[in-house]
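Just so you know, all these numbers are worked out from the coordinates, no wet-lab data involved. No experiment lies behind these values; they were computed from the predicted model shown. Because the Cβ atoms are built from the backbone with ideal geometry, glycine has one as well, and the counts that use them run over all protein chains shown.
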Amino acid sequence: MDEKCVDRDMERLDEMLEELDEPGGGKGSLIAILQRAQELFGYLPREVLIRISERAGIPISRVYGVVTFYSQFHLEPRGRNIIRSCQGTACHVRGAKAVLSELRESLGLEEGQTTTPDLSFTLETVACIGCCGLAPVIMVNEETHGRLVPGAVREIVDCYR
């Protein structure tokens with residue numbers, strides 16, 4: 001990441017934290033602070049968590065505890081396209097494991113790796129997308145793709161490249 005951009009974003013983070021010090025600023029809302037910081041950086045780097053802890057007067061252990069408790073927060077950079085692969089019961093029974101395997105292969109992801117090196121894609125598994133009648137299902141960003149077979153996955157991924 002460009003150092004000038006990081007410095008500018010840290011300045012914007014400081015401005016945001018200063019706003020929270022003002023009367024009615026909501027200093028006590030750690031979740032809101034973290035959400036705004038994540039919008040700014042795309043994820044929550046260690047330096048940002050430390051800055052929030054110091055400026056808000058909240059122990060780093062509490063900040064980290066909140067970040068790791070809620071799945072909405074991310075400690076690693078995420079891809080421009082988020083793929084959610086349903087692994088719920090209906091999807092599992094109808095071949096979700098093979099679809100997930102093909103997704104990993106199409107994206108070039110090793111086991112345990114979730115984001116492509118070029119930050120084009122992040123692959124997540126979820127317990128349920130809520131489209132059991134379309135199983136197996138994936139979501140790419142906000143678009144649902146259902147009744148999948150492994151052979152259709154590469155074409156879907158290519159549409160988002």
Would you mind ranking 119, 103 by Cβ crowding within 10 Å, fewest neighbours first? 119, 103
Rank these for me by crowding, 149, 99, going from fewest to most other beta carbons within 10 Å. 149, 99
Please pull out the direction-averaged projected area of the chain, using the convex hull of its alpha-carbon atoms, in nm² to one decimal place. 10.9 nm²
Nearest-20 debye value, the chain charge dipole, Cβ charges on Lys, Arg, Asp, Glu: 740 debye
Extension gain, residue 46 back to residue 11 (0.36 nm per residue minus Cα-Cα distance, nm): 11.0 nm
Residues 54, 39 in order from fewest to most other beta-carbon atoms within 10 Å are 39, 54
How large is ³J(HN,Hα), in whole Hz, for each residue of region 136-145 in order, when computed from phi with the Karplus curve 6.51 cos²θ - 1.76 cosθ + 1.60 and θ = phi - 60°, using x for Gly and Pro? x, 10, 10, 10, 10, 6, 10, 9, 9, 10
Evaluated at q = 0.15, 0.22, 0.26, 0.27 Å⁻¹: base-10 log I(q)/I(0), Debye formula over Cα of region 81-159: -0.43, -0.95, -1.32, -1.42
Considering only 114, 138, 157, whose Cα is most displaced toward the positive end of the charge dipole of region 81-159, charges sitting on Cβ of Lys, Arg (+1) and Asp, Glu (-1)? 138
Could you work out how far helix 150-159 tilts from the main Cα principal axis of the chain, as a 0 to 90 degree angle to the nearest 10? 50 degrees
